[in-house]
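As structure tokens, the structure follows; a few thoughts come after it.
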Amino acid sequence: MIDFTRFELENGLRVLVHQDDSTPMVAVNVIYDVGSRDESPDKTGFAHLFEHLMFSGSENIEDYDEPIQLAGGDSNAFTNSDITNFYNVLPAENIETAFWLESDRMLNLAFNEKGLEVQRKVVVEEFKETCLNRPYGDVWHHLADLSFQVHPYNWPTIGKLPQHIEEATMEDVRNFYNQYYNPTNAILTIAGKVEINHIKALCKKWFAPIPSGKRQPRLLHQEPIQTQIRRKVHQANVEVDALYMTFHIPARNHPDYYGIDLLSDVLCNGRSSRLYQRLFKEKQLFTSIDCYITGSIDPGLLIIEGNPADGISLVQAENAIWKEIQILKNEIIAEEELHKYKNKIESNLIFSEASIINKAMNLGFFELLGDVNRINEEVDLYEKIKVKDIHRLANDILQENNCSVLYYQAKKEVAKSV
């Protein structure tokens, strides 16, 4: 159970506070409601670029890392398709340093050609290192493009092409910042050794003076229902083949989310899961296999991926997965099997609440989803899933006309050299 206090400033900034006196530390987290889904198809990677630009200095602070480190803390950030998240962990007595830093870059981020060029090069180099020069690094480019036709999940967070960042102008950057980096589009969460009146005073001092900004309506193209299987073969300089199968699933707030998460676990999460037991351990058709969901705010994907064993073709590997899917769709799983995965999820949720930074992040995310109270209801929501729900969801979702298949083939000359 995570206790919290919620309040909102006049400029629209939402604030959530969790008091935890068991630690001398405090986590200060800021979620901006902007991710790669908010980008234009011809200007992708901007949310990720801003993850870097927000550390490049403001009109008042040249280096964001130094003050937080001098205060005995650490800071970092991440971006995904839905959000950009900045977090700080530091001794509670130095919490005002984090308020100063976060409020300053929300209001006074510095824009100059030199700083933009430095971060542009960093991001482009990261694109090359993680996507172009790493084995299987471009998988999500192919999967996203194959699975989504119109929704902006069509491209990965890092962007479609490095040229989009290379060609970003100062006007492009300013417009993106002004649209999304303001109090009405942000959620501030604090967890740790704090006192609520002190937090309210700090919010009034550091964030209340910031102009609210204008919250733009999000008008995204909704992905149409897929009506037939999609396929793509991609050859690359990798050592072994890889198989990827994606299935469209509802949004994070949909009532079926929890059942679908359990369905993915039943398929392949751990050594006792079905695909692992039957295709990896018993039949030895795969050297690795996994199943997971994206958990994205808009309708996302259930993904099955694996590497076929030596001598097993991608066609054979795919057919084996379809056979196991059909078995699952034709039967009602045992209560004991489902209960095992419920227990695993419950333990993972409890473990995730052990650290103050996870508490801060999770509070902010559930606030963004529209119901922060659900952070304390998830265990019960998973527990309510019945075996008949898994059966229904397997039959509704694991269909060929809802599936996209990527054959990521090792070029023959590379495979032979191994």
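The values are calculated or read from the model by the stated rules, or taken from the named source; none is laboratory data. Note that the coordinates shown come from a computational prediction; the quantities given were computed from them, not determined experimentally. No Cβ is skipped: glycine too gets one built from the backbone with ideal geometry, and neighbour counts run over all protein chains shown.
Which one is surrounded by the most Cβ atoms within 10 Å (Cβ to Cβ), of the residues in region 63-83 that are in a strand (DSSP E or B) and among the small types (Gly, Ala, Ser)? Steps first, please.
Filtering region 63-83 for residues in a strand (DSSP E or B) gives 74-79.
Subset that is among the small types (Gly, Ala, Ser): 75, 77.
Numbers: 75: 21, 77: 17.
It comes out as 75.
Within region 186-201, can one find any residue that is of a type in the set (Lys, Arg) and not assigned by TED's automatic domain parsing to the domain that holds residue 378?
Checking region 186-201: at least one residue is of a type in the set (Lys, Arg) and not assigned by TED's automatic domain parsing to the domain that holds residue 378.
Please specify each residue of region 132-160 satisfying the condition of being among the hydrophobic types (A, V, I, L, M, F, W, C) and at pLDDT 95 or above. It would help to see each step written out before you state the result.
Step one: filter region 132-160 for residues among the hydrophobic types (A, V, I, L, M, F, W, C), giving 132, 139-140, 143-144, 146, 148, 150, 155, 158.
139, 140, 143, 144, 146, 148, 150, 155, 158 - these are the residues of region 132-160 that are among the hydrophobic types (A, V, I, L, M, F, W, C) and at pLDDT 95 or above.
When both residues are 6+ apart or on different chains and their Cβ atoms are under 7 Å apart, which pairs have a first residue that lies in region 354-367 and is outside the structural domain of residue 83 (by TED's automatic domain parsing) and farther than 14 Å from residue 28 by Cβ, and a second that is assigned to a helix (DSSP H, G or I) and acidic (Asp, Glu)?
Once the first residue is outside the structural domain of residue 83 (by TED's automatic domain parsing) and farther than 14 Å from residue 28 by Cβ and sits in region 354-367, no partner that is assigned to a helix (DSSP H, G or I) and acidic (Asp, Glu) comes close enough.
Mind checking which residues of region 341-354 are surrounded by fewer than 17 Cβ atoms within 10 Å (Cβ to Cβ), in a helix (DSSP H, G or I) and not hydroxyl-bearing (Ser, Thr, Tyr)?
Listed by number, the residues that qualify are 343, 344, 346, 348, 349, 350, 351.
Within region 324-339, can one find any residue that is under 26 Å from the mean Cα position of the chain (by Cα) and not basic (Lys, Arg)? Explain how you work it out, then say what you get.
Start the filter on region 324-339 by keeping residues that are under 26 Å from the mean Cα position of the chain (by Cα), which leaves 338.
Next cut, not basic (Lys, Arg) only: 338.
Among the residues of region 324-339, at least one is under 26 Å from the mean Cα position of the chain (by Cα) and not basic (Lys, Arg), which makes the answer yes.
What tally of residues in region 376-412 results from selecting those that are among the β-branched types (Val, Ile, Thr), more than 28 Å from residue 140 (Cβ to Cβ) and part of a helix (DSSP H, G or I)?
Going through region 376-412, the residues among the β-branched types (Val, Ile, Thr) turn out to be 379, 385, 387, 390, 397, 405.
Filter again for more than 28 Å from residue 140 (Cβ to Cβ), leaving 379, 385, 387.
Subsequent filtering for residues that are part of a helix (DSSP H, G or I) retains 379, 387.
Within region 376-412, residues that are among the β-branched types (Val, Ile, Thr), more than 28 Å from residue 140 (Cβ to Cβ) and part of a helix (DSSP H, G or I) number 2.
Any residue at all in region 315-331 that is closer than 30 Å to residue 237 by Cβ and polar (S, T, N, Q)? Please lay out each step first, then the result.
Within region 315-331, the subset closer than 30 Å to residue 237 by Cβ is 315-322.
Now narrow it down to the ones that are polar (S, T, N, Q): 316, 319.
Yes.
Kindly indicate which of 136, 87 is crowded, with 20+ Cβ neighbours inside 10 Å and aromatic (Phe, Trp, Tyr). Full working, then the answer.
Values: 136 fails: crowded, with 20+ Cβ neighbours inside 10 Å.
When all the criteria are applied, what remains is 87.
Being under 18 Å from residue 154 (Cβ atoms), among the β-branched types (Val, Ile, Thr) and not in a strand (DSSP E or B) is the filter here; which residues of region 282-312 pass it?
Once the filter is applied, which keeps residues that are under 18 Å from residue 154 (Cβ atoms), among the β-branched types (Val, Ile, Thr) and not in a strand (DSSP E or B), region 282-312 yields 294, 297.
Out of curiosity, is residue 146 surrounded by 15 or more Cβ atoms within 10 Å (Cβ to Cβ), assigned by TED's automatic domain parsing to the domain that holds residue 70 and touching a Pro at 6+ places or on another chain (Cβ under 8 Å)?
For residue 146, the condition - surrounded by 15 or more Cβ atoms within 10 Å (Cβ to Cβ), assigned by TED's automatic domain parsing to the domain that holds residue 70 and touching a Pro at 6+ places or on another chain (Cβ under 8 Å) - is not met.
A quick yes/no check of all residues on (1) at pLDDT below 95; (2) over 30 Å from residue 220 (Cβ atoms); (3) not assigned by TED's automatic domain parsing to the domain that holds residue 13:
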{"position": "73", "(1), (2), (3)": "no, yes, no"}
{"position": "80", "(1), (2), (3)": "no, no, no"}
{"position": "99", "(1), (2), (3)": "no, yes, no"}
{"position": "118", "(1), (2), (3)": "yes, yes, no"}
{"position": "167", "(1), (2), (3)": "yes, no, no"}
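Out of 214, 193, which single residue is touching a residue at least 24 places away in the same chain (Cβ under 8 Å), among the basic types (Lys, Arg) and in contact with a strand residue (DSSP E or B) (Cβ under 8 Å, 6 or more places away or on another chain)? It would help to see each step written out before you state the result.
On the way: 214 fails: in contact with a strand residue (DSSP E or B) (Cβ under 8 Å, 6 or more places away or on another chain).
Going through 214, 193 in turn, just one is touching a residue at least 24 places away in the same chain (Cβ under 8 Å), among the basic types (Lys, Arg) and in contact with a strand residue (DSSP E or B) (Cβ under 8 Å, 6 or more places away or on another chain): 193.
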